[in-house]
Amino acid sequence: MDALQEKPNVSRSVEEKVAAIVADQAGMEVAEVTRDRAFVADLPIDSLDIVEIMMSIEEEFDITIPDEDVESMKTVGDAVDYVIGQGG
């Protein structure tokens, strides 16, 4: 059983918070930010926005995301899964 099935309320809460952070940075509605949206290809953000999004995620969930992990996150879902994997 994966983490999303084990803790559906936790994962939903993480997903909602990450989506809100991304939407705020991208100037979009939260409903437009889905797990499958790629940061650069699908959202109106650039590399500086990604840095700011990751800093906001670190602050929101009290975690540290190393640069190499940031580089591996291509979609909103990648970021959600990362936070959940960190105990977020």
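Quick one: count up the residues across region 79-88 that are assigned to a helix (DSSP H, G or I) and surrounded by fewer than 16 Cβ atoms within 10 Å (Cβ to Cβ). Count: 1.
Listed here are the helices (runs of 4 or more DSSP H) enclosed by region 5-66 that have at least 2 residues being within 12 Å of the chain's Cα centre (by Cα) and in contact (Cβ under 8 Å) with a residue 12 or more places away in the chain: 8-26, 47-61. If you go through region 67-78 and pick out every residue that is assigned to a helix (DSSP H, G or I) and either polar (S, T, N, Q) or more than 23 Å from Arg12 (Cβ to Cβ) (or both), you end up with 5.
Every read-out reported here was derived from the displayed coordinates using simple, explicitly stated rules and does not represent laboratory data. All values reported here derive from a predicted model rather than from experimental measurement. Glycine gets a Cβ as well: all are built from the backbone with ideal geometry, and neighbour counts include every protein chain shown.
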